[in-house]
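Engineer: Dumping the structure here so I can ask a few things about it.
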Amino acid sequence: MKSSVRIQLMLMMFLQFFTWGSWYGQMSVYLGKQLNATGDQIGNAYTAFSIAMIISPFIGAVADRYFAAQKVLGVLNLIGAGLLFVLSQITDASNFFWYILLYCLCFAPCIALTTSISMRQIESPERDFPTIRVMGTVAWIAVTNLIGFLNVGDKATIFQISMGTSLVLGLLAFTLPNTP
């Protein structure tokens, strides 16, 4: 595997988990403080991710069969960036669930897609994948520390950071090697 491909895959994995980590851990704080959400509304927002994880294998199966994985990753992240923008503008907790569900339906398949893209591009998965995947962990740690340092865990900024990262990942995906 070329070192440039390895760097692209590591960056892809970093951006994927940076996107997720910027909102997931702080969403309950944001919902409670900014949208005055009830406990049920906060719980439902996290349930949206679980629902999306149940549905995402079907989206992935269609993507794997009919489309290049990196293009699906790109499109889902670009749509996701748009939905994150909408999420950052919502002021009513009762509407939040439907938009976070739509976003999660775009995001959840991307977790498997980044792994699939990586596995198809590397020569020795057991040797090469851990160094690619660890960038996701590094990203999660980095973004949670950034959110804490900036003290924005209770602000729409968590979705705006995620939106920017999702946009970058969406564009990067179209530069990845073809993954049929």
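Engineer: Going residue by residue through segment 72-92, is there one that turns out to be hydroxyl-bearing (Ser, Thr, Tyr) and touching a residue at least 12 places away in the same chain (Cβ under 8 Å)?
Structural biologist: Checked against the condition, which is being hydroxyl-bearing (Ser, Thr, Tyr) and touching a residue at least 12 places away in the same chain (Cβ under 8 Å), segment 72-92 yields at least one hit.
Engineer: Kindly provide the set of residues from segment 121-132 that are in a helix (DSSP H, G or I) and free of Cβ contacts under 8 Å to residues at least 40 places away in the same chain, ordered by number.
Structural biologist: Pro125, Glu126, Arg127, Phe129, Pro130
Engineer: Being among the aromatic types (Phe, Trp, Tyr) and touching a residue at least 60 places away in the same chain (Cβ under 8 Å): is that true of Phe97 here?
Structural biologist: no
Engineer: Residues that are under 25 Å from Gln89 (Cβ atoms) and touching a residue at least 24 places away in the same chain (Cβ under 8 Å): does segment 135-143 have at least one?
Structural biologist: yes
Engineer: Pull up segment 64-82, narrow it to residues that are over 15 Å from Leu171 (Cβ atoms) and surrounded by fewer than 21 Cβ atoms within 10 Å (Cβ to Cβ), then point me to the one that is modelled with the lowest pLDDT.
Structural biologist: Applying the filter and picking the extreme gives Asp64.
Engineer: Identify, by number, the condition in (1) of a type in the set (S, T, N, Q); (2) surrounded by fewer than 18 Cβ atoms within 10 Å (Cβ to Cβ); (3) more than 26 Å from Leu35 (Cα to Cα); (4) in contact (Cβ under 8 Å) with a residue 12 or more places away in the chain that Ser118 doesn't meet.
Structural biologist: (2)
Engineer: So, in segment 156-180, of the ones that are open to solvent by less than 80 Å² (accessible area, probe 1.4 Å), outside any helix (DSSP H, G or I) and at pLDDT 95 or above, which residue ends up farthest from Gly80 (Cα to Cα)?
Structural biologist: Checked segment 156-180; the qualifying residue farthest from Gly80 (Cα to Cα) is Leu176.
Engineer: Within the bounds of segment 71-80, is there any residue that is farther than 18 Å from Leu101 by Cβ and in contact with a Gly (Cβ under 7 Å, 6 or more places away or on another chain)?
Structural biologist: For segment 71-80, residues farther than 18 Å from Leu101 by Cβ and in contact with a Gly (Cβ under 7 Å, 6 or more places away or on another chain): present.
This table checks each residue for (1) within 15 Å of Thr179 (Cα to Cα); (2) basic (Lys, Arg); (3) part of a loop (DSSP other than H, G, I, E, B).
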| site | (1), (2), (3) |
| --- | --- |
| Ser22 | no, no, no |
| Tyr30 | no, no, no |
| Gly43 | no, no, no |
| Ile51 | no, no, no |
| Ser56 | no, no, no |
| Gly60 | yes, no, no |
| Arg65 | yes, yes, no |
| Lys71 | yes, yes, no |
| Asn77 | no, no, no |
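The values are calculated or read from the model by the stated rules, or taken from the named source; none is laboratory data. Remember, predicted model here, so these are calculated numbers, not experimental data. Ideal geometry is used to build each Cβ from the backbone, glycine not excepted, and the neighbour counts take in all protein chains shown. Just the protein is used for accessible areas: all its heavy atoms, side chains included, with ligands, DNA and RNA removed. Shrake-Rupley method; radii C 1.70, N 1.55, O 1.52, S 1.80 Å.
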